There are 2 protein chains.
Amino acid sequence: MSHATPSTPDRVHLDNGGRAPWHPLARQAFEQALADGWADPRRLHAEGRRAARLLDGAREAVAAVLGARTQEVHFTPGHTASLHAAVASAAAARRRAGSAIVTSAVERSALLHAARAAGQQSSVPVNRLGRVDADAMIAAVRAPGAALAALQHANGEVGTVQPVEAVHDAARAAGVPLLVDAGASVGHVSVPQAWDLLAADPADWGGPAGVGVLAVRQRVRTAATGPEDEDQWAPGGVSVPLAFAAAVALQAVEADRTAQEARRRDLVEHVRAQVSRIPDVEVVGDPDGRLPHVATFSFLYVDGEALVTELDRHGFAVGSGSACTASTLEPSHVLAAMGVLTHGNVRIALDRGTTADEVDRFCAVLPGAVARVREMLGVGGL
Amino acid sequence: MSHATPSTPDRVHLDNGGRAPWHPLARQAFEQALADGWADPRRLHAEGRRAARLLDGAREAVAAVLGARTQEVHFTPGHTASLHAAVASAAAARRRAGSAIVTSAVERSALLHAARAAGQQSSVPVNRLGRVDADAMIAAVRAPGAALAALQHANGEVGTVQPVEAVHDAARAAGVPLLVDAGASVGHVSVPQAWDLLAADPADWGGPAGVGVLAVRQRVRTAATGPEDEDQWAPGGVSVPLAFAAAVALQAVEADRTAQEARRRDLVEHVRAQVSRIPDVEVVGDPDGRLPHVATFSFLYVDGEALVTELDRHGFAVGSGSACTASTLEPSHVLAAMGVLTHGNVRIALDRGTTADEVDRFCAVLPGAVARVREMLGVGGL
């Protein structure tokens, strides 16, 4: 089995953030768990107990990578569900302390929406590189009424790593739990220990979609907010084969993470340098303190959706913060918060299987694609 | 590929309600969708559009079976999530009409808990066969303040089919939406058209766990209750391979449903007759108006958990309404509402692959297992 993206051979898929192809070992693990762990792990019979053992093994494997205890690790229906449940239940348990939920301005939409639903969300600004103002965030966490703080480990749209350690130190001292969204970083860089709740995304590291990971330190109080259920974090229970495949994929990517990190960091370095030569472009995000596999650019005089479509026609799948979904055509709140161009944005996230040749081909095709889109918009001469 | 339960060959798995082994075609479909539909269906590029097409195809296939329009069918993270979201959002949209949520007393726990969280849950009693008192339910639906009614198509624990048509007629006339939990019936018997919202469970019909189905008629108003998200019913989106496998499994089981229904109805008939010869047993549920594949018995002077364990030791996996999970040791609210024995309960749900020989072996082993458990409890002489 190869690591190749399972699609048309001459396609180059560079939109692997949040939904990467499955790692081959995840597929094997899924098959195995479908044979051994298809039953309901809450049942008392042999099939149920076997499924329960697989699920426990999956929790244990994920816990080891996260630096958590097994009983601190929970599977959820997905990364959005993890963030929704973490925010709601941590805020509910702290209602007496206050209702302020302190976040960076560049958290994932799912987290910002959950914060707005659960309390008074207050955004801490970021600088032009996308890094949160740590002093401002620490001040907000120390202010009376802070129920919960949330800071991503790294931003999935622009790659910038956040100062979670400094914020966590201050939050601990203030008695405010810190939720770290590590959905764009786990499996790609080492996981920080500076968290009280941590959400991670199997679909981002080569595991399945349809399952999420939420770790909650034992010292952290949470309160169930939805209807009563045996499983607070995955009402009705989780699919054992999905959880098992997620855990096996995480172990597999951790096994050569350092090599993959260096390899992809070099490729992204190369892309950033090549793209910066295109006229009227801004290479977005921190050049150093960043995820190894993510690169983002904003082009003046270009429509993001048109550029995604033009690149797609030439065989390259990329993301865009200005046209990232078919249904949401609003510009990225991340780019807006950074004060960079929200138009003409392109984001690539390299998979572990992405080759240097594929990256070179992308760099060769991009300038022409930008020029053609500019021409279409009648700004070719600018 | 055979239909055999994927576990130790001499094991007989008779606990297939809510978590049946995957249909072989579901596995094929999953593999195909993993190759073609792993990308995020909300993306604009070719991979995203291909995933979106698979997802649309899955919705269309499920809609055809349910007698719904494609746009009325939604995938959710699972059956519990379907019930939680359906109750919360239908009740929220009807807040002006009232807060009463009328249910039968034998709805699934997930539904009852959701109803208690969303409004004033009021239970309508059932008779000794487990069938709801239709007149009482109709009166409750017509009473002022009714926001929502919920009635299962058939009870998964005891098999009894409910009078959804009569209740739906009254509910429509009263302007109260009816949620039908068809999680134990879709794929086994024909689906009633008497619903405004309908929840169905892929894991029950030989599709994957980790995905659910919720159909909402276009005329029904719902209000989102959780944090804002593009997808009201599956925040963050659903796994395309899981949804596709669920739809293919449903088409596959529908293809020979009538034959399977007759075959399993005969087997259950046989089991009910055999078991009724064991001393001090109550064969539970309606002998005629029932699911074809479910049979439930309650034994006097027997502990349900001990009987499940004893049968497990002899190679038979069964469920129990008095010890149905490892974590919940409360007796079944369904059996309690029916006024039948809540102790010593055993439930079997035949899979499509369950053979007559397996059923015969179960019938041969059961009397001895019951006698041994009674002996252990010191009631052997009774």
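The values are calculated or read from the model by the stated rules, or taken from the named source; none is laboratory data. Not measured: the values here are computed from a predicted model. Note: ideal-geometry Cβ built from the backbone for every residue, glycine included; neighbour counts use all protein chains shown.
With the checklist (1) touching a residue at least 12 places away in the same chain (Cβ under 8 Å); (2) in contact with a helix residue (DSSP H, G or I) (Cβ under 8 Å, 6 or more places away or on another chain) in hand, flag the one item residue B:44 doesn't pass.
Just one mismatch for residue B:44, condition (1).
Return the residue satisfying two criteria in turn: it lies in the stretch B:226-245 and is surrounded by 19 or more Cβ atoms within 10 Å (Cβ to Cβ) and over 21 Å from residue A:202 (Cα atoms), and of such residues it is modelled with the lowest pLDDT.
B:226
Tell me yes or no: at least one residue of the stretch B:61-71 is buried (at least 19 other Cβ atoms within 10 Å of the Cβ), within 24 Å of the chain's Cα centre (by Cα) and among the polar types (S, T, N, Q).
Looking for residues that are buried (at least 19 other Cβ atoms within 10 Å of the Cβ), within 24 Å of the chain's Cα centre (by Cα) and among the polar types (S, T, N, Q), one finds none in the stretch B:61-71, hence no.
Being among the small types (Gly, Ala, Ser), in the same structural domain as residue A:172 (by TED's automatic domain parsing), under 21 Å from the mean Cα position of the chain (by Cα) and surrounded by fewer than 23 Cβ atoms within 10 Å (Cβ to Cβ) is true for just one of A:134, A:149. Which residue is that?
A:134
Of everything in the stretch B:272-304, what is buried (at least 24 other Cβ atoms within 10 Å of the Cβ), in a loop (DSSP other than H, G, I, E, B) and at pLDDT below 95? Give them in sequence order.
Answer for the stretch B:272-304, where residues must be buried (at least 24 other Cβ atoms within 10 Å of the Cβ), in a loop (DSSP other than H, G, I, E, B) and at pLDDT below 95: just B:302.
What residue, of B:111, B:129, is within 14 Å of chain A (Cβ to nearest Cβ) and either in contact with a helix residue (DSSP H, G or I) (Cβ under 9 Å, 6 or more places away or on another chain) or small (Gly, Ala, Ser) (or both)?
Going through B:111, B:129 in turn, just one is within 14 Å of chain A (Cβ to nearest Cβ) and either in contact with a helix residue (DSSP H, G or I) (Cβ under 9 Å, 6 or more places away or on another chain) or small (Gly, Ala, Ser) (or both): B:111.
Scan (1) touching a Ser or Thr at 6+ places or on another chain (Cβ under 9 Å); (2) touching a residue at least 24 places away in the same chain (Cβ under 8 Å); (3) in the same structural domain as residue A:54 (by TED's automatic domain parsing) for the single condition residue A:236 breaks and write down its number.
Status for residue A:236: all satisfied but (2).
Let's see how each residue does on (1) surrounded by fewer than 18 Cβ atoms within 10 Å (Cβ to Cβ); (2) over 26 Å from residue B:294 (Cβ atoms); (3) more than 19 Å from the chain's Cα centre (by Cα); (4) acidic (Asp, Glu):
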{"residue": "B:89", "(1), (2), (3), (4)": "no, yes, yes, no"}
{"residue": "B:103", "(1), (2), (3), (4)": "no, no, no, no"}
{"residue": "B:108", "(1), (2), (3), (4)": "no, no, no, no"}
{"residue": "B:145", "(1), (2), (3), (4)": "yes, yes, yes, no"}
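Checking the condition closer than 22 Å to residue B:19 by Cα and in a loop (DSSP other than H, G, I, E, B), which residue from B:234, B:199, B:245, B:223 passes?
Only one candidate passes the filter, namely B:234.
Kindly establish whether residue A:313 is among the basic types (Lys, Arg), crowded, with 23+ Cβ neighbours inside 10 Å and in the same structural domain as residue A:359 (by TED's automatic domain parsing).
Considered against the rule, which asks whether it is among the basic types (Lys, Arg), crowded, with 23+ Cβ neighbours inside 10 Å and in the same structural domain as residue A:359 (by TED's automatic domain parsing), residue A:313 comes out as no.
Considering every residue within the stretch B:72-79, establish whether at least one is part of a helix (DSSP H, G or I), surrounded by 24 or more Cβ atoms within 10 Å (Cβ to Cβ), on the phi < 0 side of the Ramachandran plot and at the interface with chain A (Cβ under 8 Å from one of its Cβ atoms).
Yes, the stretch B:72-79 has at least one match.
Residue A:77 versus (1) closer than 21 Å to residue A:157 by Cβ; (2) within 16 Å of the chain's Cα centre (by Cα): which is the lone unmet condition?
Looking at each condition in turn, residue A:77 falls short on (1).
Between A:102, A:106, which is in a loop (DSSP other than H, G, I, E, B), modelled with pLDDT of 95 or more and away from every other protein chain (no Cβ under 14 Å)?
A:106
Output the residues belonging to the stretch B:172-225 that are of a type in the set (S, T, N, Q) and buried (at least 24 other Cβ atoms within 10 Å of the Cβ).
Hit for the stretch B:172-225 is B:185, nothing else.
Going by what's in this entry, would residue A:26 be described as farther than 15 Å from residue A:197 by Cα, within 12 Å of chain B (Cβ to nearest Cβ) and not in a loop (DSSP other than H, G, I, E, B)?
yes
Looking at (1) touching a strand residue (DSSP E or B) at 6+ places or on another chain (Cβ under 7 Å); (2) of a type in the set (Gly, Ala, Ser); (3) away from chain A (no Cβ under 12 Å), find the lone condition where residue B:46 falls short.
(3)
Look at residue B:140 and say whether it is more than 14 Å from every other protein chain (Cβ to nearest Cβ), more than 30 Å from residue B:19 (Cβ to Cβ) and free of Cβ contacts under 8 Å to residues at least 40 places away in the same chain.
No: the conditions fail for residue B:140.
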